[in-house]
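The values are calculated or read from the model by the stated rules, or taken from the named source; none is laboratory data. On a predicted model such as this, the values are computed, not experimentally measured, just so you know. Quick reminder, even Gly has a Cβ in these numbers, built from the backbone with ideal geometry, and neighbours come from all protein chains shown. Just so you know, the surface numbers come from the protein's heavy atoms only, side chains and all, with ligands and any DNA or RNA stripped out. Shrake-Rupley method; radii C 1.70, N 1.55, O 1.52, S 1.80 Å.
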Amino acid sequence: MKIVFSRKGFDTTAGGVPSPIVDSAPVSLPIPTPGRSATTYARRGLGDLVEKVTRGRLSADALCHDDPMFGLSPQGEALCWFGQFGAAQGHLAKHGVGVGDRFLFFGLFADPQTGERHHRIFAHMKVRMAGKPEDLRARPDWPEPPLPHPHEIGEWSANNTLWIGPGACARTADPALRLTAPGGPLNLWDVPPWLKRRGLTYHERPERWKRASAHHGPRLDSAKRGQEFICDIGRAEAPRAWLAEIVARIEGDG
């Protein structure tokens with residue numbers, strides 16, 4: 001099995017501000033886009049919120065790249081539809097990410113009391129199917145997304161791929177889902193001990209990995225660039241137990 005830490009949502013470049021935490025729940029704001037979308041912030045129910053956090057720089061009727069997209073199948077199953085292309089999709093393909101692997105979506109958020117910026121995991125997905133959108137639509141088990149998915153609109157690179165499977169967004173800003181270490185800086189993450197042993201793409205340099213101390217566990221100077229960071233956990237028990245706990249926290253069962 002592979003775990004993919006997938007960076008999504010507003011940041012200082014795309015959107016210009018952190019996503020907010022509203023009523024104790026992280027709300028990952030989709031990035032703005034000039035095209036290849038049929039969805040506005042208002043259509044996503046985020047119009048007032050995006051105008052508030054951007055102080056009117058983005059309007060409710062602006063188009064957004066609604067991805068990853070979450071919704072229910074006709075059978076009532078909670079699903080995620082996630083698109084990737086170009087170099088980032090090439091990275092996923094190169095490392096053999098596929099059916100059965102897990103995405104943990106993380107992004108930049110602001111603490112509602114202090115305004116402190118931090119990275120946190122806000123959603124997960126287990127891959128059930130992946131491929132070109134037109135190929136997946138031809139399958140008898142194709143689940144229709146709740147809104148037109150941006151990776152089915154307009155022109156994309158030849159490796160444009162949809163990833164689909166069971167998934168959910170976090171219901172609370174659980175401290176266990178926070179990546180940034182207390183006090184920061186932003187890209188200094190608290191990580192489980194097994195992560196260094198298993199390895200993480202884009203983080204091969206030894207100096208990125210900080211030793212545990214009497215006051216905290218191991219830490220990682222996480223890469224400021226890159227969308228998909230991949231860890232091959234194989235059949236190891238400790239990463240699977242950690243993943244199960246993270247998914248339980250996301251789904252409110254932890």
Considering the zone a paramagnetic label at Glu237 would reach in this model (a point 7 Å from Cα along the Cα-to-Cβ line), which residues of the range 185-199 have amide N under 20 Å from it?
192-199
In this model, which of Lys196/Lys224; Lys132/Lys196; Lys2/Lys196; Lys126/Lys210; Lys94/Lys132 are farther than 24 Å apart at the alpha-carbon?
Lys132/Lys196; Lys126/Lys210
For the range 73-158, which chymotrypsin sites (Phe, Trp or Tyr not before Pro) are in a loop by DSSP, counting at most 16 other Cβ atoms within 10 Å?
Phe85
If one computes the Cα centroid of the range 115-180 and of the range 185-254, what distance in Å separates the two points?
21 Å
Calculated from DSSP H runs of 4 or more alone, at -39500 (n - 2.57) each and per residue, what is the 222 nm mean residue ellipticity of the chain, nearest 500?
-4000 deg cm²/dmol
For the chain: span of alpha carbons on each principal axis (Å, largest first)
51, 42, 34
Highest GNM mean-square fluctuation, the chain, Cα pairs closer than 10 Å: which of Gly83, Gly234, Gly100?
Gly234
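Rounded to the nearest 20 Debye, what is the dipole magnitude of the range 11-74 about its Cα centre when Lys and Arg each give +1 and Asp and Glu each give -1 at the C-beta?
Its charge dipole is roughly 120 debye.
Given a 1.4 angstrom probe, what's the average accessible area per residue across the chain, in square angstrom?
Details: 12130 Å² over 254 residues.
Heavy-atom accessible area per residue stands at 48 Å².
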Ignoring ligands, DNA and RNA, what percent of the accessible area of the chain is carbon or sulfur (1.4 Å)?
52 percent
Does the range 1-107 come out rounded, prolate or oblate, given a ≥ b ≥ c as the square roots of the eigenvalues of its C-alpha gyration tensor, rounded meaning a/c under 1.5 and, failing that, prolate meaning a/b above b/c?
prolate
Over the Cα atoms of the range 192-254 the radius of gyration and the largest Cα-Cα distance (Dmax), both in Å, equal 13.1, 36
